[in-house]
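First up is the structure itself, then whatever we jot down about it.
Each value in this text was obtained by applying a stated rule to the coordinates, not by laboratory testing. Remember, it's a predicted structure, so these values are computed and weren't measured experimentally. Glycine gets a Cβ as well: all are built from the backbone with ideal geometry, and neighbour counts include every protein chain shown.
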Amino acid sequence: MQPLAISHYSIVNSLGAGSQAILDALRERRSGLTPCDFETVVLDTYIGRVPGLEQASVRPDLGAYDCRNNRLAQLGLELDGFAGAVAAARERLGAARIGVFMGTSTSGIFETELAFRHRDPRTGALPGDFHYTGTHNTYSLAEFVRTYLELTGPAFVVSSACSSTAKAFGNAARMIAAGVCDAAVVGGVDTLCLTTLHGFYSLELTSRGPCRPFDVERDGISIGEGAGYALLERVDDRTAKDALLLLGIGESSDAYHMSTPHPEGLGAKLAMRGALDRAGLAPADIDYINFHGTATRTNDAAEDLAVRELFGTGTPCSSTKGATGHLLGAAGITEAIISLLAIEHDLMPGSANTRAVDPELKSHYLLESREARVRRVLSNSFGFGGSNCSLVLGAGG
Amino acid sequence: MRVYLEGVGLVGPGLSGWEPTRALLAGNVRYQPGPTAVAASELLPATERRRAGMPVKLALAAGHEALAAAARDAAKTATVFSSSSGDCDNVHHMLEALSTPERQISPTRFHNSVHNAAAGYWSIATRCHAPSTSLACRDASFSAGLLEAACQAAGDGVAVALIAYDHPYPEPLHAVRPIRAAFGIALVLAPSTTDRSIAALDIAFVAQETAPTPMADHGLEALRNGIPAARSLPLLAVLARGSPETVVLDYVSGTHLRVAVAPCG
């Protein structure tokens, strides 16, 4: 595929607000995970929570969209000069020439969870101040972001569980290649809610402590919340020589099980190979792999097998979910941006919270952060329903 | 961009299959409302069949009809799924459970709550490892899916099955998001002509507010207005008439899709 320039990005999660805060935390191998104290949830697990969302509010003219998910969406737009960068692109390209392709898994469902507790005891009706369209509905996030940024191009939400915001890069690349738009805002948001906390608990997939990807004693995920965005543009003579680039994307389906990955990582392999093929690269061209690495027994084992088969055991790799937690629909964009930070700062982040790598897992897994030249990164995102996506990111020059 | 339509699948209230409803959609017969008749697919393994909700049934029924007409192997065909709200029964039951003091939800309910559940079951039923995406765009979900599927078919040079479906929430969510009935529509789009090509579709994104093409029949127009996936009906009506016409489909605010249909053969 034609590489696309990633001209700006922004990021926020439990590690911090803005790319500098995230970079510092990754360097120091810090974790944002804390014991679960979300709302009235009583579960023996850890979460990655963004502070202050309860007191935050969305821009007054966007009040119909006010919910935890869109508050975090706005926080992300206001960081790292992102909204300003999009405004400049809008001036240059025109509002109708910039698409908005967002990913989320649960959107603002937390509002409906609260509203269900306050149904009219006689009629069962939801409270009068509950706004479904701007909150719970899956499209709400893209509509909020599109309206906030004053864009009028094509838009939709990708919702394929934990691969959502990685796959949004593919939608943007196809739309730009087809000439439907010239640039795109990709990324997305997921926020803490009862559905995912209790849901993953019911599947016995939540860790009791902070999650420990690839650890011999790993026992599940820590759910986190976060937002991230990237502005994708065509590569042209305005593009800096050393610009950050989306080089390839691979997508596949496991066709195996709704909530368990294929044990040999069949779909994962197809996605990684697809991304390399699209980028016109060989496995040896990849300097660092950012794993999906959720810290469940099955994900890490299957991903290790798949990576080993394609890359052997020499390529340095790690999961950053011990730092951020599993951001579910927002994991793809978060880890794509972490991959961009790795390239810009020649940093291979060590795996926070992992103490001893499972001897059954043979990949070259990094416990400590490492300063080394990073030109190209492969980032993996796999979701329920067997939805897999791999991105190859790099820099020009 | 131009793509070639090879197959259509349709299941809706009083609408069972594309061929049987062509005369109705062409405007030659008056629409008679009825239930959406859809059975669990034999293609799913028994466990998955038990667990599958209405969206999976709609997707499998419409998708298989379209792929059979296109004579395409489902195991090798990329898919785009599109729906406003996914499995509305399932989310209702989950929300009910989460509002009780115990808050116990079943693992199956939880994994069925992902928006790509229909895509997941589809891939298991068809043993398909090809790329699949699942989109949501509220009332414009069909248009969003059509735009994405066309970009993929034309850009990647592959056949793509677009499967759009919606079904109603139970109360109390129905009151705040009424969806009239269960409805599934599938289109198989290819990058070039084959002996199965039904029509060439020239699809353009237009950043301008324009009234969408309505349905002449009041009953069908009510479906178009009341079910996101049924916003596809004006396109189906043109295909049923087999005449070269252009339809306007509404898309996200301030935009629409213009689809010029040129019948093949």
message: To the nearest 20 Debye, how big is the dipole of chain A about its Cα centre, given +1 on the beta carbon of each Lys and Arg and -1 on that of each Asp and Glu?
response: 400 debye
message: Please state the shape class of region A:11-58: rounded when a/c is under 1.5, otherwise prolate if a/b exceeds b/c and oblate if not, all from the C-alpha gyration tensor.
response: oblate
task: Of the DSSP beta bridges with both residues in region A:4-395, give the percent that are antiparallel, rounding to the nearest 5.
output: 70 percent
message: Run through region A:23-100 and list the GluC sites (Glu not before Pro) located in a DSSP loop whose Cβ has at most 15 other Cβ atoms within 10 Å.
response: A:28, A:39, A:54
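For chain A, rounded, prolate or oblate, judged on the Cα gyration tensor with a ≥ b ≥ c (square roots of eigenvalues), a/c < 1.5 rounded, else prolate if a/b > b/c?
Numbers: a/c = 1.64, a/b = 1.11, b/c = 1.49.
It comes out oblate by the Cα gyration axes.
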message: Running a GNM on chain B with Cα contacts under 10 Å, which residue among B:56, B:160, B:29 ends up with the highest mean-square fluctuation?
response: B:29
message: Can you tell me which of A:137, A:353, A:299 moves the most in a GNM of chain A? Springs connect C-alpha atoms under 10 Å apart.
response: A:137
query: For the protein assembly as shown, what is the charge dipole size about the Cα centre, in debye to the nearest 20, if Lys and Arg each add +1 at the Cβ and Asp and Glu each add -1 at the Cβ?
result: 700 debye
message: With unit charges on the beta carbons (Lys and Arg positive, Asp and Glu negative) and the dipole taken about the Cα centre of region B:117-265, which residue among B:238, B:146, B:161 sits farthest to the positive side?
response: B:161
task: Give the distance, in whole Å, between the Cα centre of region A:313-383 and the Cα centre of region B:43-78.
output: 37 Å
- request: Using a 10 angstrom cutoff on alpha carbons, build the Gaussian network for chain B and name the most mobile of B:175, B:71, B:200.
  value: B:175
message: Please report the antiparallel percentage of DSSP beta bridges with both residues in the protein assembly as shown, rounded to the nearest 5.
response: 75 percent
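Mind checking region A:219-297 for trypsin sites (Lys or Arg not before Pro) that DSSP puts in a loop (not H, G, I, E or B) and that have at most 16 other Cβ atoms within 10 Å?
A:238, A:241
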- prompt: Rounded, prolate or oblate: which one fits region A:284-352, using the alpha carbon gyration tensor with axes a ≥ b ≥ c (rounded when a/c is under 1.5, else prolate when a/b beats b/c, else oblate)?
  reply: oblate
- line: Per the charge dipole of region A:4-395 (beta-carbon charges, Lys/Arg positive, Asp/Glu negative, Cα centre), the residue among A:7, A:136, A:338 reaching farthest to the positive end is A:7
- prompt: region B:189-259 to region A:12-52: how many Å between their Cα centroids?
  reply: 46 Å
- prompt: Which loop trypsin sites (Lys or Arg not before Pro) in region B:1-109, with loop taken from DSSP, have no more than 13 other Cβ atoms within 10 angstrom of their Cβ?
  reply: B:30
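Pairs to check: A:269/B:57; A:167/A:362; A:321/A:362; A:167/B:76; A:269/A:362. Give those whose C-alpha atoms are more than 22 Å from each other in this structure.
Exceeds cut-off: A:269/B:57; A:167/A:362.
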